[in-house]
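The values are calculated or read from the model by the stated rules, or taken from the named source; none is laboratory data. Worth saying up front: this structure is predicted, and the values here are computed from it rather than measured. For neighbour counting, all protein chains shown are included, and Cβ atoms are generated from backbone atoms with ideal geometry for every residue, glycine included. Just so you know, the surface numbers come from the protein's heavy atoms only, side chains and all, with ligands and any DNA or RNA stripped out. Shrake-Rupley method; radii C 1.70, N 1.55, O 1.52, S 1.80 Å.
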Amino acid sequence: VDVFQAWCGPCKPVVNLFQKIKNEVGSDLLHFAVAEVDSIDALEKYRGQCEPVFLFYTGGELVAVVRGADAPLLQKTILKQL
């Protein structure tokens, strides 16, 4: 989940990276979503931050968090979680 604030929007370069990985992996287990922190109370702790935050869930459980648009780390985390 790409967690963002309305004033800065989702991280567009990372969305492209996610699409590339999804095409390469082709896994039905891999789903990407974006969430605006200002409209979701459960994400309140991520408000007021100027860096993107990416949350990784497996079976409804938070399993990893990546702060910042670090493409190599995001790709490594995605592949590890799969």
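Can you find, within region 1-56, the residue that is farthest from the chain's Cα centre (by Cα) among those that are within 17 Å of Leu73 (Cα to Cα), open to solvent by less than 50 Å² (accessible area, probe 1.4 Å) and aromatic (Phe, Trp, Tyr)?
By that ranking, first place goes to Phe18.
Take the residues in region 29-44 that are part of a helix (DSSP H, G or I) and of a type outside the set (Val, Ile, Thr), then tell me which one is farthest from Leu17 (Cα to Cα).
Per the criteria, the residue is Asp41.
If a residue must be open to solvent by 70 Å² or more (accessible area, probe 1.4 Å) and assigned to a strand (DSSP E or B), how many such residues does region 66-82 contain?
Number satisfying all stated conditions: 1.
Return the only residue of Tyr57, Tyr46 being out of contact with any Asp or Glu (no Cβ under 8 Å at 6 or more places or on another chain), among the hydroxyl-bearing types (Ser, Thr, Tyr) and at pLDDT 85 or above.
That would be Tyr57, the only listed residue that is out of contact with any Asp or Glu (no Cβ under 8 Å at 6 or more places or on another chain), among the hydroxyl-bearing types (Ser, Thr, Tyr) and at pLDDT 85 or above.
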